[in-house]
Amino acid sequence: MNIIASGVVNTETSFMDFLRPKSSRNKKGTASIENLLACIIANGTFQEIYNFSRSSNQQYKILKRIEEHNFHEEALYKAIDTITSSAVHLPILDEFRLSDGEFHGSADGQCSKSMYNNTMVDYAAKYFGKKRGAIVYTLVTSHFAANGRVIPPRSHESHHLFDIIYNNSSQLKTNVISTDTHGTNLFNHAILNVFGYRFMLRYAHFKKRFLAEFNRNFDKDDMLSLAPLSSGRDFMMK
């Protein structure tokens, strides 16, 4: 089913045309649709190409070469933007709009273990125990992955929220953003408000976070102000 679905998406969007090596000198970088689909499904189902090759007729050496040369950052961004931008023209997308006609976006991180050693991979007992890994921070808009970043596991997700929203290069835009508690800090309220985004966050411990991030003045029409900006430059919200 995954193979069929990926094949249909490629027929409609031709996103696999962007999964090419960075250099045209790499003659071995030419990959068949079957090989590309194998790499996509192996990583999309978290099997990784080694386990996928053992349970299929795909050769590990071929998949490894294709993954290294064809699935680089630039190619992946172009492929994802092509799929997401094509989705804007689907009639069913209107069913995902909010009552005011806006699209809703949600940003969250997903832990991913890794055996590689680079600046994004680190030890974090909270997520990986004694192993290493990274966080895939993704902006999902109306069920489509509009943008994302790989961030270190010890980096706070809220530091990358504005980046993945503002630098969304696809045609599927959103002005309504939700995150969990890890996507909030003392400044994202103001930053997103200045750029016209509606921040509809979800607190795991509402009372604790609310008291830390807001000043409350119930004597003046129940007005709230952001705690770090309380010296005459409040962003007032009812």
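The values are calculated or read from the model by the stated rules, or taken from the named source; none is laboratory data. All of these numbers come straight from a predicted model, not from anything done at the bench. Here Cβ is always computed from backbone atoms with ideal geometry, including for glycine, and neighbour counts include all displayed protein chains. Side chains included, ligands, DNA and RNA excluded: accessible areas come from the protein's heavy atoms. Shrake-Rupley method; radii C 1.70, N 1.55, O 1.52, S 1.80 Å.
Scanning segment 74-100 for residues that are open to solvent by 80 Å² or more (accessible area, probe 1.4 Å), over 16 Å from Glu12 (Cα atoms) and part of a loop (DSSP other than H, G, I, E, B) turns up Arg97, Ser99, Asp100. Within segment 99-126, can you find the residues that are under 30 Å from Gln171 (Cβ atoms) and among the hydroxyl-bearing types (Ser, Thr, Tyr)? Ser99, Ser106, Ser112, listed by residue number. Residues that are in a helix (DSSP H, G or I) and open to solvent by less than 90 Å² (accessible area, probe 1.4 Å) were ranked within segment 43-59; the one that is nearest to Asn10 (Cα to Cα) is Gly44.
Within segment 1-20, being more than 23 Å from the chain's Cα centre (by Cα) and at pLDDT 85 or above holds for one residue alone: Thr11.
Please pick out the residue among Val176, Val121, Val136 that is open to solvent by 50 Å² or more (accessible area, probe 1.4 Å), of a type in the set (Val, Ile, Thr) and out of contact with any Pro (no Cβ under 7 Å at 6 or more places or on another chain).
The match here is Val136.
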